[in-house]
Structure formats: C-alpha cells, structure tokens
Amino acid sequence: MTSSQARQRTLDYINSIVGTSWVEGVTDCYWVVEDSYRVLDGVTLPSPPWRTVDGIAVSAKEMLRSGAWLPSKPVEGAIIAVYDKDGAMCHVGRILAGLAVHSDGTRKNAGQCRAESLAEMQRRYARLGYRLEYYKYGDC
C-alpha cells in the first residue's frame, strides 16, 4: 500500500467514526484507540481492566507499568493520554492523519467521536489544567 493509499484509508476510517455517539464501554475514548489499532494496524489491544473494575486511572497505571505503552512524541499513530490535575489519566485518543481522534462524553453528558487539530485539543485541556502525554503501543 502506498503512503497515499494508507492516508486515504486512515481518512476513510476517521470519517466512518466521527459523529458516532459516545457510549461507555462501547464507543468511548478507549474504543477509538482499540478500534483504530484493530482496523488500521491489524493489532488487537488487550481489553482494558477498567471495563470491569476501578476505572481508567487505576487501569491506565497498570497498562503503563506493563510496558505495552511506550513514551512517544506527538507523531502519527501515537496514543494521546490526558491527565487531570491530580495526575490521573482520564481520557485517551489517537493521532491519525495529523488529527486528534477521540470520543468524549460522560454518563451524564454523552458526547461523540470527533476529529480535531491536536493544537485545539491541547488548548481545551490546558484550559482545564490538564496535560497531554503521548505513547505508542508496543512496536506499532
């Protein structure tokens, strides 16, 4: 596949999920990361423990300790991890076709899958006092 074909495939994927309603455990923020790896990279990520237990912050620490998520720069394919003021990971997304692709929402305020500039995502979370870090999954 040429780089042009790969980019078009990524854009088609983004267009297929943007606007999808946020549903916890179904089309939430981790789903975007998990699904994009499966569809675009042919990689099945492990099911996150927070699907059944203590929540994203605790499970994220477990995933980072496992060595599966490796620190990265904000490059194509990187996982975007958002950390709240207390330093707990509270949201994830992925950089695809140069865009921040993620699904945001809560039980009380369901959102949707979106694609926006990484700079816009950084600004929005910085206003809340949150920080973004970037990771790659394994060798991907």
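Computed from the coordinates by the stated procedures, all read-outs in this text should not be read as laboratory data. Not measured: the values here are computed from a predicted model. In this analysis, Cβ positions are derived from the backbone assuming ideal geometry, glycine residues included, and neighbour counts consider all displayed protein chains.
Distance in nm between label sites at T2 and E76, each 7 Å beyond Cα in the beta-carbon direction?
Calculated label separation equals 1.4 nm.
Could you tell me the relative contact order of segment 3-137? Use alpha-carbon pairs under 8 Å, at least six residues apart, and round to a whole percent.
For segment 3-137, the relative contact order is 31 percent.
Using unit Cβ charges (K, R positive; D, E negative) and no other charged atoms, how large, in debye to the nearest 20, is the dipole of segment 3-137 about its Cα centre?
240 debye
Stokes-Einstein D for the chain at 20 °C, 1.002 mPa s, Kirkwood Rh over Cα pairs, in µm²/s?
Here the translational diffusion coefficient equals 141 µm²/s.
Please compute the modelled spin-label separation between A88 and R107, points set 7 Å along Cα→Cβ, answer in nm with one decimal.
Using points 7 Å along Cα→Cβ, the separation is 1.3 nm.
Projected onto the charge dipole of the chain (+1 at Lys/Arg Cβ, -1 at Asp/Glu Cβ, origin at the Cα centre), which of L118, G25, V39 gives the Cα projection farthest towards the positive end?
Result: L118, furthest along the dipole toward the positive end.
What longest region of the chain stays clear of trypsin sites (Lys or Arg not before Pro) that DSSP places outside H, G, I, E and B and that have at most 13 other Cβ atoms within 10 Å?
Counting at most 13 other Cβ atoms within 10 Å as exposed, the longest clean stretch of the chain is 1-84.
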